[in-house]
Amino acid sequence: MSAPNPYPLGLRLAGRRVVVVGGGAVATRRVPALLDAGADVLLVSPELTPALRAHVDAGRLHWEPRRFAPDDLDGAWLVQAAVADAVAAAAVSAAAAERRIFCVRADDRAAATAWTPAVTRHGPVTVAVLGGGDPRRAMTVRDAVRDLLGARKGPLLTDPVEEGAPVNNAAAGRGRVALVGAGPGDPELITVKGWRLLTEADVVVADRLVPGLLLDELRTGVELVDASKIPYGPSRAQEEINRILVDRALAGAFVVRLKGGDPYVFGRGGEELLACAAAGVPVTVVPGVTSSIAAPAAAGVPVTHRAVAHEFTVVSGHVAPDSPASLVRWDALAGLRGTLVILMGLKNLAAITGTLIGHGRPADTPVAVVQEGTTGDQRSLRSTLGAVAADVVAAGLRPPAVVVVGDVVGALDG
Ligand code: SAH
């Protein structure tokens, strides 16, 4: 005989007491979603995992370091019995039933009065799947739904609109801008949040270094502005980009400004934020995986390594070291022992390496150069500070490339 179907509900737990009994792996997995829902969590367990202890230390929940007592449930709306011991779990269950509080049981689904579903969240939308008592089935269905929602389903997932109204951010008068880091090149290295906002955009203003595949997946009807095609010099072009962001947002569009790597690492993201702020346009910033760390990693170079480098410095090489416009103290950088990551440095590489050596960084310091890191076109070479400028020319490496200087180059070689 099969049991009747469960009745699905979305529990609104903000400020409401939820008791979690147990401090092991199950509790560790359950607690974050309860905290995310704003629950007032009471954790009862003699022992805690380090992750749970971090929540306690941060003051996110109350912890009673002892075994469960039935009174713990007084005032609770829900209880999670996250203990493996069936006798202990049954005691929690019994105390919950007496007080008419729903009880989730990790040890015995059949004995539980509530089940936790497999969940996928996409901004404001939560999809919860119950598998008829089979958690693996629930997870399989959840994964399929997650894939579906992750792929080109932006309009489904935007903020709620009036019933019957077409989904159109512009018409809804919610003009705003998101500065989104697209990551270093591999389209899979955008963040989950960045990807979601991209699928929701009315207008996408993209940089030259943004992975093309990301743009391939935009929903139809999106206005795509290629910022690299704006036909003025760099500073006029930036003004023009700022103007496009502001104008489209003021017209009601949701504009995603998609930038290579991280928006605030030599990306002029700050200028765009200020331009929007000056025009009263709300801005969200979504950080990205920066090429300054990811491109070295893709070529087998960690920017720090135990007992090798306790610092890494990221510097732009686009201004020559001897130029009056340079803001970089190359002489001081030459005195550092740690890792130096140079972006936009190929053009001035001979002058940069010469300056570093001239101020005392040894000429035999290992160097790696990584072109188009994390992409299918990645190329890299290993050299030394003294030889790298010539080696780059000989190998024909071109921008975009990062130069990594320091003993971390080679630290992972066997
Ligand atoms: N905001 C970007 C950097 C913009 S400046 C970030 O955080 O990554 C542009 C420079 O970044 C390029 O000249 C190059 O030095 C570096 N760069 C960007 N993408 C790169 C990649 N995939 N591989 C190597 N270097 C890259």
- Item | Residue (of 126, 221, 411) at the positive-pole extreme of the chain, dipole from beta-carbon charges | 126
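Tell me, what % of the accessible area of region 1-129 is carbon and sulfur with a 1.4 angstrom probe? Please report the intermediate quantities before stating the final value.
Values: 4090 of 7350 Å².
Of the solvent-accessible surface of region 1-129, carbon and sulfur hold 56 percent.
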- Query: In a shell of Cβ-Cβ distance under 10 Å around residue 106, excluding residue 106 itself, what net charge do Lys and Arg (+1) and Asp and Glu (-1) give?
  - Reply: +2
- Evaluate the relative contact order of the chain (contact order divided by residue number), counting alpha-carbon pairs under 8 angstrom at least 6 apart; express in whole percent. 10
- Query: Over the C-alpha atoms of the chain, what are the Rg and the largest Cα-to-Cα span, Dmax, in Å?
  - Reply: 27.2, 84
- Message: For the chain, take the longest principal axis of its alpha carbons; what is the angle in degrees between that and the long axis of helix 234-250, to the nearest 10 within 0 to 90?
- Response: 30
- Listed by chain and number, the aspartates and glutamates with an alpha carbon less than 14 angstrom from that of residue 259, same-chain partners under 8 positions apart left out, are 186, 207, 226, 271, 272
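Ordering 193, 259 from largest to smallest accessible area (1.4 angstrom probe), what's the sequence?
On the way: 193 100, 259 5 Å².
Order by accessible area, largest first: 193, 259.
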- Note on the structure: Lys and Arg at +1, Asp and Glu at -1: neighbours of residue 186 with Cβ under 12 Å from its Cβ sum to -3
- Message: Using a 7 Å offset from the Cα along the Cα-to-Cβ direction at both residue 53 and residue 134, what is the distance between the two label points in nm, to one decimal?
- Response: 4.0
- Task: Could you state the accessible area per residue of region 292-405 in Å², with a 1.4 Å probe and every protein chain left in place?
- Result: 47
- Message: How large is the accessible surface of residue 318 in square angstrom, using a 1.4 angstrom probe and rounding to the nearest 10?
- Response: 110
- Query: Per 10 Å bin, what is the whole-percent P(r) computed from every C-alpha pair distance within region 46-156?
  - Reply: 13, 31, 33, 20, 4
- Task: Please give the solvent-accessible surface of residue 68 in Å², to the nearest 10, using a probe radius of 1.4 Å with every protein chain present.
- Result: 50
- When the dipole is taken about the Cα centre of the chain, and only Lys, Arg (+1) and Asp, Glu (-1) are charged at their Cβ, what size is it in debye, to the nearest 20? 380
- Task: Determine the gain in length on full extension of the stretch residue 67-residue 113; use 0.36 nm per residue of separation and subtract their C-alpha separation, reporting nm with one decimal.
- Result: 14.4 nm
- Item | Local electrostatic count at residue 305 - Lys and Arg +1, Asp and Glu -1, tallied over other residues with Cβ under 15 Å | -1
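The values are calculated or read from the model by the stated rules, or taken from the named source; none is laboratory data. All values derive from a computational prediction rather than experimental measurement. We place every Cβ from the backbone using ideal geometry, glycine too, and count neighbours over all the protein chains shown. Keep in mind that these areas ignore ligands, DNA and RNA; they rest on the heavy atoms of the full protein, side chains included. Shrake-Rupley method; radii C 1.70, N 1.55, O 1.52, S 1.80 Å.
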